[in-house]
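The values are calculated or read from the model by the stated rules, or taken from the named source; none is laboratory data. All figures in this text were calculated on a predicted structure; none of them were measured in a lab. Here Cβ is always computed from backbone atoms with ideal geometry, including for glycine, and neighbour counts include all displayed protein chains. Note: areas computed on protein heavy atoms with side chains; ligands, DNA, RNA excluded. Shrake-Rupley method; radii C 1.70, N 1.55, O 1.52, S 1.80 Å.
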Amino acid sequence: MTSITAEMIGLSQRYAQALYRSALEMWVEQLSAARRELVLHPDVRDRLNSDSSFAERQQALDSILPDTVSPGVRNFLYVLLREHHLHLLDEILFELERMIRRGPEVRVARVISAVPLTEEEKQQVQERLIKRFGGDLEFDFRVDPRILGGLIVKVGDEVIDGSLAGKLAAMRAQLSSAS
C-alpha cells in the first residue's frame, strides 16, 4: 500500500482541476454553438418558444443543433426547452465561463443599476460589498433602466433592493394592505 504524500495530493489536485476546466470548456463550446444556431435561425427560435408540443419543439431544436453536440449537452438543452428556460442560455454560459476562470466556490455580486455606473461608483460599491460579504466576491455590473433608479444587489441568495421601482412596489403593497 502506497502512502500518500503532500506532493501526490498537490499533483492529484492539479489533474482534477485540469479535468474540471476541460469538462466545463467542452460544455461552454457546445452550448455556445447551440446559442449561435439559435441566433442564426430566428424562425426556429420562435417555434421553440411556441405552445407546440414538446416533441415538436424538440424536433425543431434538433434540426439546428450541430452534430458535434454531445448527448449530455443535447439532453441539458432538452431540459431547458421543456421548462421554457432556453432564454437562460446566455446566463448559464456566463456562469460556466466564470467557473472556468475562478472555480465554483467564488461568489458573484450582481449589481444592477438604472444607468451605467462610473468607475468611481463601481469602486465604492465594491468596497461596501466586500466589507459586508467578504473579499471573495467577483463583481458583475449590469444596467436595467426598468429599475428607474438606485441599485439592486444580488449575492448568493441575498437580494438588496434599493431600486426606486422596488421602493414604489413596497409603497403600493403597504397602501393596498392599509385599505
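The table for this structure:
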item: Residue match in region 125-144 (condition: among the β-branched types (Val, Ile, Thr) and not in a helix (DSSP H, G or I)); result: yes
item: Answer from Ile160, Ile130 - the residue that is closer than 30 Å to Gln13 by Cβ, open to solvent by 50 Å² or more (accessible area, probe 1.4 Å) and either without any contact (Cβ under 8 Å) to a residue 24 or more places away in the chain or basic (Lys, Arg) (or both); result: Ile130
item: Residue identified as of a type in the set (D, E, K, R), assigned to a helix (DSSP H, G or I), open to solvent by less than 50 Å² (accessible area, probe 1.4 Å) and at negative phi among Arg35, Arg98, Arg47; result: Arg98
item: Test: residue in region 63-77 that is more than 22 Å from Glu95 (Cα to Cα), hydrophobic (A, V, I, L, M, F, W, C) and in contact with a Leu (Cβ under 8 Å, 6 or more places away or on another chain); result: yes
item: Region 61-90: number of residues that are open to solvent by less than 80 Å² (accessible area, probe 1.4 Å), more than 14 Å from Arg35 (Cα to Cα) and assigned to a helix (DSSP H, G or I); result: 2
item: Residue in region 104-117 that is out of contact with any Lys or Arg (no Cβ under 9 Å at 6 or more places or on another chain), outside any loop (DSSP other than H, G, I, E, B) and in contact (Cβ under 8 Å) with a residue 40 or more places away in the chain present; result: yes
item: Residue within region 135-146 that is touching a Leu at 6+ places or on another chain (Cβ under 9 Å) and open to solvent by 60 Å² or more (accessible area, probe 1.4 Å) present; result: yes
